[in-house]
Each structure stands twice: as structure tokens, then as C-alpha cells.
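To keep things clear, I will list the structure first and then write my remarks on it.
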Amino acid sequence: MTPDVQTPSTRPYLIRALHEWCVDNGFTPYVTVWVDNTVQVPREFVKDGEIVLNIGLEATTGLKLGNEYIEFKARFGGVVRDIFVPMDQVAAIFARESGQGMAFPRVQRQQADESKPIRQTSGDLAAKHLSAITGSADSETGEAISNVTLQTSPVKRPSLTRIK
């Protein structure tokens, strides 16, 4: 392989394999997700920048475990919600009953990746929670001037917790 060619991530393949293993063995597959502006989940259930989602076949409708994202519909408090999670935001996948699974390192995105849209489709499911930000630009440099400050919590190493 040439050094300038980037190898695809193994994360989506491992997630699909562990999901299949959970289903085949009668376990309930759960994923822990780092939540940021690229993730579409019910924000009221996010705690410390993370959310744990049941991705079992009984809990989801239209589950798609793709190479770039996980997408499905699920009920939260009786209300059907659209869920969209980029693969690099998955912190772990595990079986609820045994705690067996795998944690993944956090991927540091490059500056250019942050500005890319989540998906480009008509009726963009993932962009429903996004809104436009208007601001002024420096006339000499053309750079945007923003008063927006981001608050981020320190990155913790993911850990799996046994749930009985």
C-alpha cells in the first residue's frame, strides 16, 4: 500500500460484527456516543457529552450500520426520534447483559472536517437541528468574525460499565 493512501477505519466493521454477535447470542447491543454538533440525538438525554443508545432490533426501526454513520428511528418517552451518529463519534459498543464489548479511541477531527455538512440529501434528516449563524467578516482578510465560544469538557478515556 502506498503511504499517501489512507486506510479505511476498522471501526464500522467491528461495530457491525459486535452488533451481530450480540443479536446472535440474545444480548442487547448498546452504543455509547460522544455528542457534538454532528450527532443527531435527543439532547435532553445527553449526560456529560455522552449518550447510551440501545441499537437492538426490537428498539430500532430502519437501523443502518453503514461505514460512515449509524442511522435509525427509536422511541424516547413514547416519541419517535430520528437518530444519526457518525461512526467516529461511537465511543463503545457492548452487550447490556454481560458488559462485553469494545471501546474506541476518540478521533480528533481536522479543521476542514468540522465545516463539512453531515449529509447531502434532499430532506436532510441529520441537519434538522442545525441553524444558520450570521456574522460579519473582516473586510481586509475575508475571515469570519464570530462571538461564539465553545465550551468543551476535558476528554476522558471511555470505559465500559457492567450493567446487571
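General remarks:
- Scanning the range 60-73 turns up no residue that is within 24 Å of Ser9 (Cα to Cα), at pLDDT below 95, among the basic types (Lys, Arg) and over 11 Å from the mean Cα position of the chain (by Cα).
- Close pairs from the range 83-99: first under 18 Å from Arg43 (Cα atoms), partner basic (Lys, Arg) and assigned to a strand (DSSP E or B), Cβ under 9 Å, at least 6 apart: Ile83/Lys73
- Here Val39 passes the criteria (1) out of contact with any Pro (no Cβ under 9 Å at 6 or more places or on another chain); (2) in contact (Cβ under 8 Å) with a residue 12 or more places away in the chain except the one numbered (1).
- Residue match in the range 18-36 (condition: over 19 Å from Phe94 (Cα atoms), within 12 Å of the chain's Cα centre (by Cα) and outside any helix (DSSP H, G or I)): yes
- Answer from Asp88, Asp48, Asp113 - the residue that is within 13 Å of the chain's Cα centre (by Cα) and either modelled with pLDDT under 95 or among the acidic types (Asp, Glu) (or both): Asp88
- Qualifying residue in the range 58-73 (condition: acidic (Asp, Glu) and touching a Phe, Trp or Tyr at 6+ places or on another chain (Cβ under 9 Å)): yes
- Filter pass, Ala74 being in contact with a Ser or Thr (Cβ under 9 Å, 6 or more places away or on another chain), in contact (Cβ under 8 Å) with a residue 24 or more places away in the chain, of a type in the set (Gly, Ala, Ser) and in a strand (DSSP E or B): no
The values are calculated or read from the model by the stated rules, or taken from the named source; none is laboratory data. Computed from a predicted model, the values in this text were never measured in an experiment. Note that we place each Cβ from the backbone using ideal geometry, even for glycine, and neighbour counts take in every protein chain shown.
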